[in-house]
1. Quick check on my link table: of Lys91/Lys125; Lys461/Lys502; Lys385/Lys445; Lys168/Lys204; Lys56/Lys348, which ones sit more than 23 Å apart, alpha carbon to alpha carbon?
2. Can you give the accessible area of Arg433 in Å² (nearest 10), computed on protein heavy atoms with a 1.4 Å probe?
3. Please work out the C-alpha center-to-center distance from the stretch 318-339 to the stretch 226-246 and express it in whole Å.
4. Greater than 20 Å separation of Cα atoms is the criterion. Which listed pairs, Lys417/Lys547; Lys149/Lys276; Lys75/Lys121; Lys284/Lys304; Lys338/Lys588, meet it?
5. So, taking all protein chains as they sit and a 1.4 Å probe, how much accessible area belongs to Lys121, in Å² rounded to tens?
6. For Lys461, Lys607, what's the largest-to-smallest order of accessible area, 1.4 Å probe?
7. With every protein chain in place, what's the accessible area of Glu426 (1.4 Å probe, Å², nearest 10)?
8. Can you tell me which aspartates and glutamates have their Cα less than 14 Å from the Cα of Lys432? Leave out same-chain residues fewer than eight positions away.
Amino acid sequence: MEKMDALNSENVNNESIQENETVATQPAISEEKTFSQESSVQFENLTKEQIITALKNICDNLTLETPRQEIENLKQAFYRIQKKEAETQEKAVTEEKDKENENTEVPAATLPKDENDELFKNILKQIKEKKAVLLEQVELVRENNYQLKLSIIEELKKLSESQEDFGKLYNEFKTLQQRWKEITDVPQGKINELWKNYQYYTEKLYDLIKINIEMRDYDFKKNLELKTALCEAVENLSSEKDVISAFHQLQKLHEEWREIGPVSKELREEIWQRFKEGSAVINKRHHEHFEALKASEQKNLEDKQAICQTIEEIDLTSLKSFKDWEENSNKIIELQQKWRTIGFTPKKENTAIFARFRAACDNFFSKKSEYIKQVRSELESNLTKKKNLCEQAEALKDSTDWKTTSEKLIALQKEWKTVGPVARKESDAIWKRFVSACDYFFELKNKNTSSQRSVEQENLKQKEALIEELRSFDTSASDAIDKLHEYINRFNQIGHVPFKDKDKIYKTFHALIDEYFGQLKVDKSERRMESFRNSINEMVSNAPKGKILGERERLMRTYERIRTELQTYENNIGFLSVSSKGGNSLLKEMERKVEKLKEDMALIIKKIDTIDDSLS
C-alpha cells in the first residue's frame with residue numbers, strides 16, 4: 001500500500017510539473033498595439049480644454065486597468081498643439097522682421113502664458129501620484145498573499161509530519177487547499193517557488209497520511225470529471241468568433257487546470273493530450289490572427305505611401321491658372337477622403353507616415369495660397385488700368401470730332417484687350433462702364449450722319465414690309481423651316497434702322513419667327529441659337545468689333561460661373577443621403593439642375609463658336 005502511494009505521488013508530481021511548464025510558455029496577451037492604433041486618430045482634433053477634460057476624467061476614475069496608451073496619446077495630442085502654437089508665433093515674428101529694417105531688433109517669439117499648460121502638468125502629476133498609490137496598494141496585497149501562502153505551506157509541512165487521526169488530517173488538508181485557492185495574486189517572481197513548495201508538501205501529504213486507495217480513486221475520478229469538462233470547454237472555444245476573447249478564456253482554463261489534482265495514471269497522458277491539443281487550436285488561431293493583422297497593416301502602409309507619393313509628385317511649377325490649382329485641390333481632397341478609409345499601419349510607422357502625408361498636403365495648400373495672393377494683386381492692378389481706360393473713354397464720348405475720336409476710342413478698345421482679367425465681382429460693372437462710353441459716342445455719331453438717317457428710314461420701310469409679308473406665312477409647306485431661314489437672312493441683310501425703332505422692329509420680327517418655329521416644333525435651344533446668330537450677324541454688319549468682343553467676354557464669364565455652380569452641385573450630390581424619402585426627392589431635384597446647367601454650358605459654347613466664326 002505504501003509503495004503504491006509513493007508511485008502515485010511520483011506520477012502526480014510529474015503531471016504537475018508538466019502542466020506548470022506548459023502554462024508558463026503561453027504567450028502574454030497584449031492589446032496595447034490595437035488600442036494605440038484606434039486612438040491615434042481619435043485624439044487628433046481635440047482642443048487643449050478637451051484634452052484636459054479627458055485627462056481629468058481618467059484621473060478621477062484611474063485604475064490599474066486604465067490603458068497607459070490612452071494617457072500617452074492625450075499627452076502627444078497636447079504637445080502637438082503646443083508645438084503648433086509655437087510655430088505660429090515664430091512665423092508671426094518672422095513676418096514682422098521682414099517688415100522692419102535689417103538693423104531694427106525684433107524680440108524673439110514668446111508664447112503668452114496659458115493656464116491650460118499648468119493645468120495639464122498638474123493633472124499628469126496627479127495621475128502619476130495616484131497610479132503610484134494604486135501600485136503600492138497592489139504590491140502590499142500581493143506581499144500579504146505571499147505571506148499567507150507561506151503560512152499555508154508551513155501548515156502543510158506540519159501536517160505532513162503529524163501523527164494525528166487520518167480523518168482529522170484529511171479535513172485539515174482539504175481546508176488548507178481551499179484557502180490556498182482563495183488566495184489569488186502574489187508577487188510575480190515568487191509564483192513558481194510557492195507552487196513547487198505547495199506541490200511538494202501536498203504530494204508528501206498524500207504519501208504520508210496513507211490515504212486509502214478508495215479515497216485516492218475517488219479524488220482521481222472527481223479530478224477526471226473536472227479536467228474532462230475543461231477539455232470540452234477548450235474544444236468549444238474553437239467555434240468562438242472573437243479570437244482575442246477565445247485566447248483570454250483559454251488562459252483562465254489553464255489556471256483552473258493547474259488547481260485541479262491528478263487523475264489515475266492510465267488516463268493521465270490521454271487527458272492531458274486532449275487538453276493540450278484543444279489549446280493548440282486556439283493558440284494557432286491567435287497566432288494567425290495577428291499575422292493577418294500584420295499583413296493588413298503593411299498593405300495599408302503601402303497604400304498610404306502611394307497617396308503621399310502622388311501628392312508629392314504634383315508639379316506645382318506647372319500650375320498657371322485657377323483651374324489648374326482647383327483641379328489639383330479636388331484631387332488632393334479626394335486622396336484625403338481615401339486616406340480616412342484606409343485602416344491602421346504598423347505602430348512604428350504610423351507617426352512618420354502621417355507626418356509625411358500632412359507635410360505634403362500643407363505644402364500644396366501653402367503654395368496655392370501664395371498663388372492666390374499673387375493673382376489678386378494682378379487683378380487689382382488690371383482693375384486700376386481698366387478704370388483709367390474708362391475715364392479716357394468717358395472723356396471722349398461727347399466729342400463731335402467723329403474721325404479723330406473714333407480712332408482714339410478704337411485704340412482704347414485695343415488696349416483694353418491687352419489688359420488681363422479683373423475680379424469676377426468687378427468684371428461686369430467695369431466692362432459695362434467702358435462699353436457704355438464707347439457705344440454712346442458711336443451711336444451719337446450714327447445719329448448725326450444725315451446720309452445715314454435717310455438710309456435707315458429706307459431700311460425701316462423694307463423691314464416693316466418684310467414683317468407684313470411674314471405675317472401671312474404658311475407653316476404647312478414642306479420647306480417651311482428653310483423659308484423661315486430665308487426670311488431671317490433677308491432681314492439681316494437689310495441695314496440699320498433709326499436708333500429709336502431698332503429694338504421695336506427687331507422684337508416684332510423675331511416674335512413672329514419664334515411663333516412659327518414653335519408651331520413647327522423646332523427645338524427651343526435651336527431657336528435660341530438661331531436668334532443669337534441673327535443678333536451676331538447684325539452686330540457684325542453694323543456694330544463696332546469691340547461690342548462683339550465684349551459679348552464674347554460676357555459669355556465666357558457666364559460659362560465660368562455656370563461651371564463653378566455645376567461643380568458645387570456635383571460635389572453636394574456625392575454627400576447627399578437618400579436614406580429618407582425627402583433626401584431622395586432632393587437628390588432628383590439636384591440631378592435635374594445639373595442636367596440643366598450642362599445644357600446651358602453647351603449652348604454657351606455654341607454661341608462662342610458662332611462669334612468666333614463671325615470674327616474670322
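1. The answer is Lys91/Lys125; Lys385/Lys445; Lys56/Lys348.
2. 90 Å²
3. Computed from Cα coordinates, the inter-centre distance equals 53 Å.
4. Lys149/Lys276; Lys284/Lys304; Lys338/Lys588, as the Cα separations exceed 20 Å there.
5. 130 Å²
6. Sorted by accessible area, descending: Lys461, Lys607.
7. Here the residue's solvent-accessible area equals roughly 70 Å².
8. Partners within reach: Glu391, Glu394, Glu551, Glu553.
The values are calculated or read from the model by the stated rules, or taken from the named source; none is laboratory data. Remember, it's a predicted structure, so these values are computed and weren't measured experimentally. Here the Cβ is made from the backbone with ideal geometry for all residues, glycine too, and neighbour counts use every protein chain on show. Quick note on the areas: whole protein, heavy atoms, side chains included, nothing else; ligands and nucleic acids left out. Shrake-Rupley method; radii C 1.70, N 1.55, O 1.52, S 1.80 Å.
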